[in-house]
Amino acid sequence: MPFHIVSGDITKLQVDAIVNAANSSLLGGGGVDGAIHRAAGPRLLEECRGLHGCRTGEAKVTLGYDLPAKYVIHTVGPVWQGGGHGEEELLRSAYRNSLLLALEKHCESVAFPMISAGVYGYPKEQALQVAVSTIRAFLEENDMDVTLVIFDKSSFRIDRELFSDLSGFVDRMYDGGSGHPMGGAMYCAGAAPMQAEAARSMPMQGTLEEAKSGRMGMAADVPQEAPKKERRGFLHRAKKESAARMAAEMEVCEDSIAPHDLEAELRNLDESFSRALLRMIDVRGMKDSECYKKANIDRKLFSKIRSDVNYRPSKQTVLAFAVALELDLSETQAFLQKAGFALSRSSKADVIVEYFISHGNYDMYSINQVLFAYDQNLLGA
Ligand code: APR
C-alpha cells in the first residue's frame, strides 16, 4: 500500500529506509535520533562523523547497521519559532529531500517519524498536515510504500474543523457491534482521549434532523426515564421499525433507478468485482493509475485484480475503490455486494467511511487519518 499511518517504534520496522529526525551535527541526540543510534549500534555514529553535518531541510544517508532497515536517512527539521520563520517550507523540504534520497537509493519502502514534532516543538496537528500533504504530492508522481510512524498516539490530532461533526455521527450511527442503538454512546465513553475530547468539543450538526427523519440513529427517540424492561421493548420495536424503514427505502431506491444509473449498472450480477471495477474506471473516464493511486492501492495489487477476473478483494480494497470512484452510498453498497460485502453499522470503520461518502468527501488521506485515529484498519491496505 502506498501510504500507511502506524503507531509504534520506527526502529522496529522492516522497511528499506527509516528517516531520522536529527540535528545538524548528525552526531546523535535524544528522541527518535537517540533511539535510532541505540538500535543501529556504534557503527552508525562512526559513519555519521564522516558526513560533516546536514543543513535544515536537507537529508543525508547512511547504512542501517543493526537495524532491520537497510538505510537511515538523516534529515534535519526546523525548530518551531512561531511559524513566521519559514518553518513550513523547511519541514516540507525535509520530507521531500528524504523521499528523493530514498528514490535515489532505489528504496521501495520508507518510514518517517513526525519530524520536528518533538524536541523541535512544531505543533503536532500542523506537523501532521505538512507530513501528509508532502508525502501525498510525492506519491502522486512516484511509486513507493511510505509509512508515517506516530510514536505517541495520544497526541495524534485530526483537523477539528474538517471533521467537526464526525464524532457525533459515529456516536449516533455506530451500534457498538452489539446491535444496541445506544452503543454509540457507550463507545464514546470508552473512547481514546483524543476521541473523547473531540466528542465533547465537536458540535453534533445534523443530529436532530437525521434522527427525526427516522433515517438514521434511533438513540434520540429512546425514552431515557422509562423502566429498563419497557426501554428494552421500546428499543426492540425501534430496531424493527428502523429495519422496515430501511427495507422500504431500498425498494424506493430500486424502483427509482434510471436505466443508465451507475447503481443499476453495478447490479449486473453476472459481472465479477474485477470486471465491474474496470468498467467503472472507464465510465468515470479515469486512467488506471489515477484510480489505484486515489484508492491508495499498490500498483502490483491493481495489476493482480486487473488480470484475474475472479479476484476476491478484501472489504477495505473494495471500499478504497468505491472512494476513488466517488460512488455514492447506494452505489457503494451495490459495489460491495459484488464482492459479497455490505456496509455495516456494527463496524466503526464502515460508519466512518459512510460519514465521508455521505458528505461527498472522497479524500482518502483524510479518511485514513480518521480511521487511524479511531484505531481502524486503513483503506487500501
Ligand atoms: N519511533 C518513532 N517516533 C519516535 C520515536 C521512535 N522510537 N521516538 C520519538 N519519536 C517521535 C516523537 O514522539 C516525535 O513525534 O518522533 C517525533 C520527533 O521527535 P524528536 O525525536 O524530538 O525530533 P524533533 O522534534 O525533530 O527534534 C530533533 O531532537 O534529539 C534531538 O538530535 C535530535 O536535536 C534533534 C532534535
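Tabulated data
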item: Matching residues in segment 135-164 - criterion: being at pLDDT below 80 and surrounded by fewer than 17 Cβ atoms within 10 Å (Cβ to Cβ); result: Ser155, Asp159, Arg160, Glu161, Leu162, Ser164
item: Residue list for segment 91-107, filter: part of a helix (DSSP H, G or I) and open to solvent by 20 Å² or more (accessible area, probe 1.4 Å); result: Arg92, Ser93, Arg96, Asn97, Leu100, Leu101, Leu103, Glu104
item: From Glu140, Glu125, residue being charged (D, E, K, R), assigned to a helix (DSSP H, G or I) and either free of Cβ contacts under 8 Å to residues at least 24 places away in the same chain or farther than 25 Å from Ile297 by Cβ (or both); result: Glu125
item: Val110 being within 10 Å of the ligand (Cβ to nearest atom), open to solvent by less than 20 Å² (accessible area, probe 1.4 Å) and either modelled with pLDDT under 95 or not in a helix (DSSP H, G or I) (or both); result: no
item: Cβ-Cβ under 7 Å pairs, at least 6 apart or on other chains, segment 95-120 side hydroxyl-bearing (Ser, Thr, Tyr), far side away from the ligand (no atom under 16 Å from the Cβ) and part of a strand (DSSP E or B); result: Ser109/Asp145
item: Selected residue (only one of Gly41, Gly31, Gly53 is near the ligand (Cβ under 8 Å from one of its atoms), farther than 17 Å from Leu91 by Cα and surrounded by fewer than 23 Cβ atoms within 10 Å (Cβ to Cβ)); result: Gly31
item: Residues within segment 23-71 that are part of a loop (DSSP other than H, G, I, E, B) and among the β-branched types (Val, Ile, Thr), tallied; result: 1
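Residue by residue, here is whether (1) more than 14 Å from the ligand (Cβ to nearest atom); (2) over 30 Å from Asp375 (Cα atoms); (3) open to solvent by 40 Å² or more (accessible area, probe 1.4 Å); (4) at pLDDT 95 or above holds:
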{"residue": "Ile10", "(1), (2), (3), (4)": "no, no, no, yes"}
{"residue": "Leu13", "(1), (2), (3), (4)": "no, no, yes, yes"}
{"residue": "Asn20", "(1), (2), (3), (4)": "no, no, no, yes"}
{"residue": "Tyr65", "(1), (2), (3), (4)": "yes, yes, yes, yes"}
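The values are calculated or read from the model by the stated rules, or taken from the named source; none is laboratory data. If you're wondering where the values come from, they're calculated on a predicted model, not measured in any experiment. Using ideal geometry, Cβ is built from the backbone for each residue, glycine included, and neighbour counts are taken over all protein chains shown. Please note that ligands, DNA and RNA were not included when accessible areas were found on the heavy atoms of the full protein model with its side chains. Shrake-Rupley method; radii C 1.70, N 1.55, O 1.52, S 1.80 Å.
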